[in-house]
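A.B. asks: To start, I am sharing the structure in question, which I have written as structure tokens.
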Amino acid sequence: MFLRCTLIHKIYLYIYRKYIFKILCLVYNYKEVIMKKLKIAIVGCGRISVSYADSFRRLADEIELVYAVDKVPEKAKKFADEFGCAWTTDFDEILDKDIDVVHLCLPHFLHPVMAIKAMKAGINVLTEKPIAISLQDADRMLEVQKETGVKLGCIFQTRYTKSVEKLREMIQRGDFGKILTARSYLTWNRPLNYYDSSDWKGTWDKEGGGVLIDQAIHSIDRVRFMLDSDVEWIDGSVHNYAHKFVKVEDSADAAIMFKNGCLYNLYACNIYGDDSPINIEFIGEKGRCGLIQDMGYYDLDGTYAEIRNTYETTNVGPDYWGSSHHIQLRDFYRSVREDLPVAVDGLEGRKTLEMIKGIYLSSMKRERVTLPFEDVIYSDVNTEAE
């Protein structure tokens, strides 16, 4: 009996030392990693920053905001005062401050400039959409990310809803059969004061375009993400019907062929009387599915069902901003903390930008564009590409 107990004890000690102790160490170290707060900076404390303020409060157990940056001192100070952190008007000042992640909420043309500076300083970057306004700038950002080894992500928060997650899963599983066609409609309103209040909105050189690159980009990205396919060709047209005080487009339509055989039709304008809910739909061999704003639906085998966003919602801005900024931020922070691939990385940002630039190029050249193509600069929707 004594020998049996001794043998059992020895076996237990062996198992404990070889397996259980190691598991406990891993769990302990994992907790240590999780408990370490990432040091965060936000650059650009304008309109969209309210979504980040909300996200930072939600994720306070994971991050510490250490810097708020804006060229307008009052904006930087106001944001910083809310979180008790430092503020500055000089972006370069934060580059040596031991920051883990910087959020770029800036005019579009500044995204590559600031992102490259931050990455070269060893700081992980999560930029608002679009990743850049030219494919050349996007490629340079990807090159620097590869050289430095830091993380680079692009905000497309509307991917992070229960409806998109579920419908994408059903599409990829083949529940609807082959997806034959897709469509998206965006009809919003951007009046004169929307452009008057900004020194960069409505410009090719700073915003990079109009309704496509600023508003419809999210619906275009969701279609590509849910189909999980690259693009073969683009045939599009852009116009300026009612915003004669700017040179960018206020209306656009396009036919886009994906390599999986799905033909995608899109229409977007910001000359409607209101910001109507975005409408996205996919037609498959066996059924259909889609989104009305963030609500998903599907019609399959005679059954119609709706998918509501069951995640904790954020009501800090317009409905079309979505309610998922904090979910994408948490996902990016996890990638940084655990050295995991970024779900919506720089390449994802570039692919969606390429679709938009393809529509512009097709319109300017008045011909179908096959990918890949050489990006160009535009000066006016009524003139050909330079």
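A.B. asks: When you look at L192, is it in the same structural domain as I356 (by TED's automatic domain parsing), in contact with a strand residue (DSSP E or B) (Cβ under 8 Å, 6 or more places away or on another chain) and among the aliphatic types (A, V, I, L, M), yes or no?
C.D. replies: Against the criterion (in the same structural domain as I356 (by TED's automatic domain parsing), in contact with a strand residue (DSSP E or B) (Cβ under 8 Å, 6 or more places away or on another chain) and among the aliphatic types (A, V, I, L, M)), L192 does not qualify.
A.B. asks: Continuing with the same structure: If W321 satisfies every condition in (1) modelled with pLDDT under 95; (2) more than 30 Å from K39 (Cα to Cα); (3) crowded, with 17+ Cβ neighbours inside 10 Å; (4) of a type outside the set (S, T, Y) but one, which is the exception?
C.D. replies: Unmet condition: (2).
A.B. asks: Going by the conditions given, is E312 assigned by TED's automatic domain parsing to the domain that holds D275 and modelled with pLDDT of 70 or more?
C.D. replies: no
A.B. asks: Which one is surrounded by the most Cβ atoms within 10 Å (Cβ to Cβ), of the residues in the stretch 236-269 that are touching a His at 6+ places or on another chain (Cβ under 8 Å) and in a loop (DSSP other than H, G, I, E, B)?
C.D. replies: Looking at residues that are touching a His at 6+ places or on another chain (Cβ under 8 Å) and in a loop (DSSP other than H, G, I, E, B), I get E249.
A.B. asks: If you take the residues of the stretch 129-149 that are crowded, with 23+ Cβ neighbours inside 10 Å and either in the same structural domain as I359 (by TED's automatic domain parsing) or hydrophobic (A, V, I, L, M, F, W, C) (or both), which of them is nearest to K97 (Cα to Cα)?
C.D. replies: Applying the filter and picking the extreme gives M141.
A.B. asks: Output the residue which, of all residues in the stretch 347-379 that are of a type in the set (A, V, I, L, M) and not in a loop (DSSP other than H, G, I, E, B), is farthest from G209 (Cα to Cα).
C.D. replies: Only one residue tops the list, namely L347.
A.B. asks: Here's a follow-up. Can you tell me which residue is surrounded by the most Cβ atoms within 10 Å (Cβ to Cβ) among those in the stretch 334-350 that are more than 26 Å from L135 (Cα to Cα) and touching a residue at least 60 places away in the same chain (Cβ under 8 Å)?
C.D. replies: Here the residue is R337.
A.B. asks: If you check L152, L167, L126, L106, which single one turns out to be touching a His at 6+ places or on another chain (Cβ under 6 Å), modelled with pLDDT of 95 or more and surrounded by 22 or more Cβ atoms within 10 Å (Cβ to Cβ)?
C.D. replies: After applying the criteria, what remains is L126.
A.B. asks: Within the group A41, A80, A68, which residue is in contact with a strand residue (DSSP E or B) (Cβ under 6 Å, 6 or more places away or on another chain), modelled with pLDDT of 95 or more and assigned to a helix (DSSP H, G or I)?
C.D. replies: Going through A41, A80, A68 in turn, the sole match is A80.
The values are calculated or read from the model by the stated rules, or taken from the named source; none is laboratory data. Predicted model only: the values in this text are computed from it and were never measured. Every residue, glycine among them, receives a Cβ derived from its backbone with ideal geometry; neighbour counts consider all protein chains shown.
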